[in-house]
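Scroll down for the structure; my scribbles are underneath it.
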Amino acid sequence: MSLDVSPQLLAEAENGEVREEDFVETVRTSLPYAYDLIARLARELHFGAAEFADNQTPPPSEKERGQLLRALSSDAIRGSLERHFGIALAFQNCHRVAAFHPEARGGDTHTRFTSLRAQILNQSPEFRDC
């Protein structure tokens, strides 16, 4: 299970629409490593001058790696985090996630980062089982 859903949030979902801020709070508490990493990248992007901010440091353990993979592989989680932080996320391997300004999606830098070439060049043997 990737999220620790409270009885209140479950009841909300059973009765109709879920408030996104409630969902994001559940992501924050359930996947703290992933949430904190994406929050850091969003801050770096919004307060820096670079076109994107990315993480190149592997997670400290498989537990944290699993959190990041679960967050980025779920359309609902990933989309909510993008809207919450006002960013567009791109992902290359077990830990290289990048935050872009939403309007940069499809631009030259984003396209290079998400290209087949970049994916191949960002591989190494230690990522085979991640």
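Tabulated values for the structure
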quantity	calculated
Inter-label distance for Ser6 and His101, nm, one decimal - labels placed 7 Å from Cα along Cα-to-Cβ	3.6
Mean ellipticity per residue at 222 nm, deg cm²/dmol - from DSSP H runs of n ≥ 4 across the chain, formula -39500 (n - 2.57)	-16000 deg cm²/dmol
R0 of 25 Å, Cβ-Cβ distance Ala50-Leu116: FRET efficiency to nearest 0.05	0.60
Square roots of five times the Cα gyration tensor eigenvalues for the chain, Å	27, 18, 12
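No value in this document is a laboratory result; all are computed from the given coordinates. Here the structure is a predicted model, which means the values were calculated and not measured. Note: ideal-geometry Cβ built from the backbone for every residue, glycine included; neighbour counts use all protein chains shown.
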